[in-house]
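Take a look at the structure set out below.
Where a number appears in this text, it was derived from the coordinates with a stated rule and is not lab data. Not measured: the values here are computed from a predicted model. Cβ: placed from backbone, ideal geometry, glycine included. Neighbour counts: every protein chain shown.
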Protein chains: 2
Amino acid sequence: MTSPALQIALAHHHAWTSKDLETAMTYIADDVVLEAPAGTLTGIQAYRDFLGPFAGQFLIRADLIAAFGDERTAMLMYDAETIPAKSAPAAEYVTVRDGKIVHNRFIFDRLPFEEFRRRQTAADRQ
Amino acid sequence: MTSPALQIALAHHHAWTSKDLETAMTYIADDVVLEAPAGTLTGIQAYRDFLGPFAGQFLIRADLIAAFGDERTAMLMYDAETIPAKSAPAAEYVTVRDGKIVHNRFIFDRLPFEEFRRRQTAADRQ
């Protein structure tokens, strides 16, 4: 059984985790809503501003752990090796409309990133 | 299509989020492995020690966001209202064997809990 929503979610995932942000963004709707740990972001530009630095600067590699989907929604879990955190697992639950992601509920552990930020700030002060 | 693994995952979820830890633990295998943000816990007692305080002391309510499963695995996403954090979403990817959860990859944002702990520590000092 093929899930159309999962196909879109995976195409987006494989593109950004390969650091191909341009292709990744073609799967994002203009009026996308991203519910991330720090709050809700609205619109494709905000989505790009969120994903771009993570994919471009922090991400080393990502490994897919699980992927499920139905007609309209899909859910991914993956582990990401990043510069701030050796293991930064995340989960996304996306809603797809007309081949684009219109909503993403995004979960990850902010703590290692916050600790990295604090170390950077402390290092800058020295 | 019914997923046997999802049925077990949901039965476990509904029990612990109703604060019925005894019923919840009947769905956990003795040799369960829990991969949580802080590290890997092994065995049913460690699982109980992890889940018990969260369900008993911190949890106010949980709302299921998404649930998928196949024969052997299932994935849940839910939001939890807790005493430390108004919104503490989490995702679990479980593997089921003989009607019990043998593995759980568990993702949540530790940051609000860490901030709560810091506030508590600061308050204790005053």
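With just the Cα atoms defining each centre, how far is the range B:29-101 from the range A:8-84? Give it in Å.
So the two Cα centres are separated by 24 Å.
Under the rule of at least 5 residues apart or a separate chain, name every residue whose amide H is placed under 5 Å from the amide H of A:R97.
So A:R97 has HN proximity to A:V102.
Calculate the radius of gyration of the Cα atoms of chain A to one decimal place, then report Dmax, the largest Cα-Cα distance, as a whole number, both in Å.
Expressed in Å, the Cα Rg and Dmax of chain A come to 14.9, 57.
Quickly work out the A:D124-to-A:H14 label distance, labels modelled 7 Å from Cα along the C-beta direction, and quote it in nm with one decimal.
Computed distance between label sites A:H14 and A:D124 equals 3.9 nm.
Measure nothing but the geometry: give the 0 to 90° angle between the long axis through the Cα atoms of A:44-53 and the longest principal axis through the Cα atoms of chain A, rounded to 10°.
50
Which of the residue pairs A:K19/A:K100; B:K19/B:K100; A:K100/B:K86; A:K19/B:K100 have a Cα-Cα distance greater than 27 Å in the structure shown? Don't skip to the end; give the middle numbers.
Values: A:K19/A:K100 19 Å; B:K19/B:K100 19 Å; A:K100/B:K86 30 Å; A:K19/B:K100 39 Å.
In this structure, A:K100/B:K86; A:K19/B:K100 lie more than 27 Å apart at Cα.
What are the ³J(HN,Hα) values, in whole Hz, obtained from phi via the Karplus relation 6.51 cos²θ - 1.76 cosθ + 1.60 with θ = phi - 60°, for each residue of the range A:71-84 in sequence order, with x given for Gly and Pro?
Calculated HN-Hα couplings, in order: 4, 10, 10, 8, 9, 10, 10, 8, 9, 10, 8, 10, 5, x Hz.
With contacts defined as alpha carbon pairs under 8 Å and 6 or more residues apart, what's the relative contact order of chain A in percent?
26
Measuring label to label, 7 Å along Cα→Cβ, what does B:F50 give against each other copy in nm, shortest first?
2.6
Enter the angle in degrees (range 0 to 90, nearest 10) between the Cα long axis of helix A:4-17 and the first principal axis of the Cα atoms of chain A, meaning the one along which they spread out most.
Helix A:4-17 sits roughly 30 degrees off the main axis of chain A.
Label points 7 Å out from Cα along the Cβ direction at B:D49 and B:D30: separation in nm?
Result for the modelled spin labels: 1.9 nm.
Taking the square root of 5 times each eigenvalue of the Cα gyration tensor, what semi-axes in Å does the equivalent ellipsoid of the range A:48-110 have, largest first?
Semi-axes (√(5λ), whole Å): 23, 14, 9.
Along the Cα-to-Cβ line of A:S87, 7 Å from the Cα, sits a label point; which residues in the range B:10-41 have backbone N less than 19 Å from it?
The answer is B:31-41, whose backbone nitrogens lie closer than 19 Å to the label point.
Can you run phi through the Karplus equation (6.51, -1.76, 1.60; θ = phi - 60°) for the range B:29-36 and list ³J(HN,Hα) in whole Hz, with x for Gly and Pro?
These are the phi-based 3J(HN,Hα) values: 6, 4, 9, 4, 10, 10, 9, 10 Hz.
Please report, to one decimal in angstroms, the Kirkwood hydrodynamic radius of the protein assembly as shown built from all distinct Cα-Cα pairs.
Roughly 19.1 Å, rounded to one decimal.
Of the GluC sites (Glu not before Pro) in the range B:25-111, which ones lie in a loop per DSSP and count no more than 12 other C-beta atoms within 10 Å? Mind dumping the intermediate values first?
Working: sites: B:E35, B:E71, B:E81, B:E92; in loops: B:E71.
Here the sparse-neighbourhood loop sites are B:E71.
At what distance in nm do the modelled label points of B:Q7 and B:T40 sit from each other, each positioned 7 Å from its Cα along Cα→Cβ?
Output for this residue pair reads 3.1 nm.
Beta carbons within 10 angstrom, averaged per residue: use that to sort the peptides A:58-67, B:117-126, highest first.
My ranking of the peptides, most packed first, is A:58-67, B:117-126.
Between copies, how close do the B:H14 label points come, placed 7 Å along Cα→Cβ, listed in nm from shortest?
3.7
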